Amino acid sequence: MRLLDLFHHGKGCPNKSFIYLIALIILLTFIATLVLTSFVTSAEAAFTASGRFLYADKLWDKDGYTGQEQNLPIRHARVEIVDLPSLQVIGSGAADGEGNYSITVTPLAPVVPVNVVARVLTDGGAAGYEIRVVDELTRGLEEPAVVGNLHAVLTDPVLNHNQAQPLDFGTFLLEDPDGTGVAQAFNIFDCAVDFFDWMARPGLLNRLPNATEYIIYAWSPTSTNEASNYSGHAVLLSSPGQGNDTDAWSDTVILHETGHWFDDFFSRSDNPGGAH
């Protein structure tokens, strides 16, 4: 039978079985192409986002704050790449010891240009530092304490980024111009990183504290915390909300309260310290 005879039947009308077969082949080809394209482009769409986070630390001496600042890296903190406007995290990692990060990002949809921001959070878990700084903390009858939200800072958004190219967010500097800024939370975090690094030295703990030995700090610009203190895993730091007094820039206070935690978990003494 000739091909023309397969295509036509009766009064010049196409053979329905043949048309259905062609339609099915086209549909299956389209689906296969779509699946293969989605698979390939999803892998190809992954790109690297990099940058650096710093915060402006306030310098002080025996007479108090000098009015000068130094830019310090935000070390070992969790960094996330967030899709806009969905706010879904599409890549995560941690800053290194110099505040640099390099994160593999997998977009929600392949090929289409993406809108993203990078954010850094006061959480060291991703880098092996069991440190968190939250905005509120309520001590219960049992540990762990109930905690609030982590502090976070976002870069400016990058719009319509081509997924075929790496993305460099550049250097982001976090400042505290009026004494109530979230940069203070990152100063708390930085002091804790110093303390953990000290503990990990040979002759001391010789390792970083593990997940059961975590520490949480609570501070926020609106918190009513008065008189910095420690109990259990938790350090409460005096905050601007209770009278414009903040201990979040006071490295000595932060390290002092962290010392109570160290004494509690790693020494032979269980003395709570009392009023001092």
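Observations on the model:
- Whichever residue in region 207-260 is in contact (Cβ under 8 Å) with a residue 60 or more places away in the chain and of a type in the set (D, E, K, R) and, among such residues, is nearest to residue 58 (Cα to Cα): 251
Condition check ((1) farther than 21 Å from residue 171 by Cα; (2) touching a residue at least 60 places away in the same chain (Cβ under 8 Å); (3) aliphatic (A, V, I, L, M)) across all residues:
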| position | (1), (2), (3) |
| --- | --- |
| 98 | no, no, no |
| 106 | yes, yes, no |
| 114 | no, no, yes |
| 138 | yes, no, no |
| 148 | yes, yes, no |
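- Verdict on residue 185 being modelled with pLDDT of 90 or more and among the hydrophobic types (A, V, I, L, M, F, W, C): yes
- Selection status of residue 178, within 20 Å of the chain's Cα centre (by Cα) and either of a type outside the set (A, V, I, L, M, F, W, C) or modelled with pLDDT under 95 (or both): no
The values are calculated or read from the model by the stated rules, or taken from the named source; none is laboratory data. Note that this is a predicted model, so its numbers are computed, not measured. Methodologically, a virtual Cβ is constructed for each residue, glycine included, from the backbone with ideal geometry; neighbour enumeration extends over all protein chains shown.
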